[in-house]
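Data block below; observations after.
The values are calculated or read from the model by the stated rules, or taken from the named source; none is laboratory data. In this text the structure is predicted, and so the values were computed from the model without any measurement. Ideal geometry is used to build each Cβ from the backbone, glycine not excepted, and the neighbour counts take in all protein chains shown. Ligands, DNA and RNA are stripped out before the accessible areas are found, and what is left, the full protein with its side chains, is counted by its heavy atoms. Shrake-Rupley method; radii C 1.70, N 1.55, O 1.52, S 1.80 Å.
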Amino acid sequence: QVQLVESGGGLVQAGGSLRLSCAASGRTFSTLSMAWFRQAPGKEREFVAIISWMGEDTYYADSVKGRFTFSRDSAKNTVYLQMNSLEPEDTADYYCAARVGGPVTTGHAYAHWGQGTQVTVSS
């Protein structure tokens, strides 16, 4: 079993930055592909970013490309989502997810999820 714990959410003004963290435990971290998804109030969950198990490959949703950076620190069993130039449209609950196998953008392919961390961007 994999446990994921997110942190780093909060309230920020438009144009500001936040860094989300997701600490993993319970399985060898290097075997996991990781992803971030988000869900805004009244909207469906959407893909944000994925990273391969070695961290050499990343892929982003068009809405965050160029503003968000996904990275992983295997020594700390932690992934990070650096979010810059935040916009009110980025307001959502952000969820970290993990799977054994290659990174994919489809949420239902991920067996392990964190509890979520809230990000609010004020205009």
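Worth a mention:
- Residue that is modelled with the highest pLDDT [pool: residues in the stretch 38-56 that are part of a loop (DSSP other than H, G, I, E, B) and under 17 Å from Asn77 (Cα atoms)]: Ser52
- Qualifying positions in the stretch 1-13 - in a strand (DSSP E or B), buried (at least 17 other Cβ atoms within 10 Å of the Cβ), of a type outside the set (D, E, K, R) and within 12 Å of the chain's Cα centre (by Cα): Leu4
- Qualifying positions in the stretch 23-45 - within 11 Å of the chain's Cα centre (by Cα) and of a type outside the set (A, V, I, L, M): Trp36, Phe37, Arg38
- Qualifying residue in the stretch 24-33 (condition: touching a residue at least 24 places away in the same chain (Cβ under 8 Å), at positive phi and either of a type in the set (Asp, Glu) or open to solvent by 30 Å² or more (accessible area, probe 1.4 Å) (or both)): yes
- Among the residues of the stretch 90-116, the one identified as more than 13 Å from the chain's Cα centre (by Cα), over 18 Å from Ile51 (Cβ atoms) and surrounded by 14 or more Cβ atoms within 10 Å (Cβ to Cβ) is Thr91.
- Any hit, the stretch 66-74, residues being closer than 12 Å to Ile51 by Cα, under 13 Å from the mean Cα position of the chain (by Cα) and open to solvent by less than 30 Å² (accessible area, probe 1.4 Å): yes
- Condition check for Gly16: more than 18 Å from Pro103 (Cβ to Cβ), out of contact with any His (no Cβ under 6 Å at 6 or more places or on another chain) and surrounded by 16 or more Cβ atoms within 10 Å (Cβ to Cβ): no
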